[in-house]
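**Q** Before I ask anything, let me first share the structure, which is written out below as structure tokens.
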Amino acid sequence: MPEQADPMAGIPVDPAGAGPSQHTDVDRVLVDEHQLRERIAQIAARIDADYAGKDLLLVGVLKGAFVLMSDLLRALESKVPVDFMAVSSYGSATRSSGVVRILKDLDADIEDRHVLVVEDIVDSGLTLDYLLRNLRSRGPASVEVMALLSKPARHKIEVPVRYVGFEVPDLFVIGYGLDFDERYRGLPYIGTLRSELIPEH
Ligand code: IMP
């Protein structure tokens, strides 16, 4: 193959001038890139087996699940269609109130289909509880949940989660799609934010 021209050639690389790195605001890494990849591959294999021969639709919950959704989809063998819902829960930056607003609904009709909701984290469980009740009212064949993270210490309501990536302690976590004030979603691992950067928790 002919050698490719470096597309970055001529663009000055100046880390010091590129603005503060998102990594420097991280206190601890709780789940690293390797662990994420391994666990998602395991769960993908289970989903492939559990839904073999079934009409499955993956429903990603925006915004937090978009990174997970992209990796999960590529780890699956089956050619599963995807759809997204965007919800916002009223509450403070770090706590949800359980009052959920649908900002973007599904494009697809889910009647008689098997739905797997792909969620970033089950914290209080209130958002998911609302979402599940809403989706079940549309007559799907089944509704199950995959959540990358779960914080058992904070659950206010029991929601049936079929596939859980990792249980994490009661700490505010960021990265791999999870934000604080819309930032840090691009961190390739799950970490905690330095406490002085969190106004309340
Ligand atoms: P829940 O309704 O309390 O279960 O959580 C609703 C949403 O809040 C989750 O889907 C996340 O998007 C967000 N959330 C909850 N805990 C965290 C966290 O520790 N970091 C970032 N986002 C979180």
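The values are calculated or read from the model by the stated rules, or taken from the named source; none is laboratory data. Keep in mind the model is a prediction, meaning the values are calculated, not measured. Here the Cβ is made from the backbone with ideal geometry for all residues, glycine too, and neighbour counts use every protein chain on show.
**Q** If I filter segment 54-74 down to residues being of a type in the set (G, A, S) and not in a strand (DSSP E or B), which single residue comes out as farthest from the ligand (Cβ to nearest atom)?
**A** Restricting to residues being of a type in the set (G, A, S) and not in a strand (DSSP E or B), the top hit is S70.
**Q** Of all residues in segment 123-149, count the ones that are in contact with a strand residue (DSSP E or B) (Cβ under 8 Å, 6 or more places away or on another chain) and over 17 Å from V67 (Cβ atoms).
**A** The qualifying residues number 18.
**Q** Please verify whether segment 90-106 includes one or more residues that are touching a Gly at 6+ places or on another chain (Cβ under 7 Å) and without any contact (Cβ under 8 Å) to a residue 40 or more places away in the chain.
**A** yes
**Q** Of all residues being without any contact (Cβ under 8 Å) to a residue 60 or more places away in the chain and within 14 Å of the chain's Cα centre (by Cα) in segment 129-148, which is nearest to the ligand (Cβ to nearest atom)? Just the residue, please.
**A** Once the filter is applied, the top-ranked residue is A147.
**Q** Something else: Assuming I174 fulfils every condition listed in (1) more than 8 Å from the ligand (Cβ to nearest atom); (2) crowded, with 18+ Cβ neighbours inside 10 Å apart from one, which condition is it?
**A** (1)
**Q** Another question, if that's okay. Take segment 33-61 and flag every residue that is closer than 25 Å to R194 by Cα and either touching a strand residue (DSSP E or B) at 6+ places or on another chain (Cβ under 8 Å) or of a type outside the set (D, E, K, R) (or both).
**A** H34, Q35, L36
**Q** Within segment 106-128, which residues are closer than 19 Å to S89 by Cβ and away from the ligand (no atom under 13 Å from the Cβ)?
**A** L106
**Q** Would you say E158 is surrounded by fewer than 16 Cβ atoms within 10 Å (Cβ to Cβ), modelled with pLDDT of 95 or more and either in contact with a Leu (Cβ under 6 Å, 6 or more places away or on another chain) or not polar (S, T, N, Q) (or both)?
**A** no
**Q** Within segment 93-115, does at least one residue satisfy the condition of being at pLDDT 95 or above and under 16 Å from P160 (Cβ atoms)?
**A** Taking every residue of segment 93-115 in turn, at least one turns out to be at pLDDT 95 or above and under 16 Å from P160 (Cβ atoms).
So that you can scan it fast, the table gives a plain yes or no per residue for (1) modelled with pLDDT under 90; (2) aromatic (F, W, Y); (3) under 30 Å from V143 (Cα atoms):
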residue	(1), (2), (3)
P20	yes, no, no
E38	no, no, yes
Y51	no, yes, yes
D55	no, no, yes
V59	no, no, yes
L68	no, no, yes
